[in-house]
1. As an exercise, identify the trypsin sites (Lys or Arg not before Pro) in the stretch 157-212 lying in DSSP coil whose Cβ has no more than 16 other Cβ atoms within 10 Å.
2. Would you kindly derive the ³J(HN,Hα) couplings of the stretch 269-279 from the backbone phi angles with the Karplus curve 6.51 cos²θ - 1.76 cosθ + 1.60 (θ = phi - 60°), listing them in order in whole Hz, with x for Gly and Pro?
3. Less than 12 Å Cβ to Cβ from Gln181, Lys/Arg counted +1 and Asp/Glu -1: what total charge do the surrounding residues give?
4. Give me Asp45, Asp169 sorted ascending by neighbouring Cβ count inside 10 Å, so fewest comes first.
5. Relative contact order for the stretch 269-340: what is it in percent, counting Cα pairs under 8 Å that are at least 6 residues apart?
6. Measuring from the lowest to the highest alpha carbon on each principal axis, how far does the stretch 189-284 reach, largest first, in angstroms?
7. Please compute P(r) over all alpha-carbon pairs of the stretch 154-229, binned at 5 Å starting from zero, and give each bin as a whole-number percent.
8. Obtain the nm distance between the two label points defined at Glu219 and Thr125 by a simple spin-label model: each point lies 7 Å from its Cα along the Cα-to-C-beta direction.
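Readers should treat all values here as calculations from the given coordinates under stated rules, not as data from a laboratory. Not measured: the values here are computed from a predicted model. Please note: Cβ atoms are built from the backbone with ideal geometry, for glycine as well, and neighbour counts cover all protein chains shown.
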Amino acid sequence: MNYLSFEPEDFAADAFFIRWVREPDEETETYWQDWLQTYPYKVQDVALARQLVLLLATDTDADPSESAIRTMWQRIQDRKQSDPVIIEHPARRSWFLGISRVAAVVALLVLAAGGFYGWQRRMVTYETAYGESQRIKLPDGSFVDLNAHSILTMRANWPDGASREVWLDGEAFFTVSKKQQQGRPIKFTVHTSDLDINVKGTQFDVSTRKQQTKVVLSEGSIQLRLNERSGNQSLQMKPGDAVVFSKEKQRLAVDHLANPQASHSWISSRWTLDDTSLGEVATMIEETYGVPVSFADDALMKLTVTGIIPTNSLPDLLNTLESILFIKIDRQSNRLIVRAMP
């Protein structure tokens, strides 16, 4: 289930969400706590949805009256203005008995209120499959090239003068337009699970693969800030800088690249490789095309590749690697096996 596009009324009518609120167990608790840590910007939506589910957790099976529904709606609207609160679970009862009631009340709420947040607060999500990329024009005229197997989320509308924000899971290259309000630059922020990237007008690549976040700046400047769970560090980046934050090691590494453009050559359907090990290339194939790669001999992983590799299609990519490295890549079922040339 892709919950990123859910609004509070969607959460409140979802069986798995209701189960977490009404009958929490280890499975639901682990899932939703991890999900909220990964997508902290959805905390308020989840808190409001919990309130709606809990308000409907009454001891009677009778449907709430219209006045009760309006009262519920007003309470949710009032709480929307305050910080999310922790709500104790009510006395446990069978969570699935209330799903239809919740769905019915949610429908009435939407009709009565004309939508939960209104057009300003709706979220849109762009998602690419394995082997697919997409170019997206943002409301401010900026562009995002979204790499394969990636998700970009943002508000549907950006009011004039408001801060510009997007949330990324995967990899994307950003070309950000410079915007001003009364002579002051308007900030553009990219949120990942580890850090926030604040810019005003620039070009940069962001990747959240392999349990790490990598940012490569091609043009302009970036103020990078780790979130609270990652240490609250901040860093000013200049063109050519490459910053990698490892979740596992909780470490921030900074390097300077002579050719930062190589990091986003994928937007032109090619990889620019410089002494890149075949093991690293195998990981790139898995992330881009979703096909596992194994090696008949681990020594093959140490072979290196330098040059421009076409990525228009997986067969083209594999044929190029075979001709450069004198190897054989067999496709068995849904797996690639790399062997030495006989």
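1. Working: sites: Arg164, Lys178, Lys179, Lys187, Lys200, Arg209, Lys210; in loops: Lys178, Lys179, Lys187, Lys200, Arg209, Lys210.
Passing both the DSSP loop test and the Cβ count: Lys178, Lys187, Lys210.
2. 6, 7, 10, 9, 10, 9, 6, 8, 5, 5, x
3. Numbers: positive: Arg164, Lys178, Lys179, Arg184, Lys187, Lys200; negative: Asp140, Asp160.
So the surrounding residues net to +4.
4. Working: Asp45 23, Asp169 19.
Ascending Cβ contact count within 10 Å gives the list Asp169, Asp45.
5. On the way: 111 pairs, mean separation 26.6, N = 72.
Computed over the stretch 269-340, the figure is 37 percent.
6. Here the Cα extents, ordered largest to smallest, are 35, 31, 20 Å.
7. 3, 15, 27, 25, 17, 9, 2, 1, 0
8. Rounded to a tenth, the inter-label distance reads 3.2 nm.
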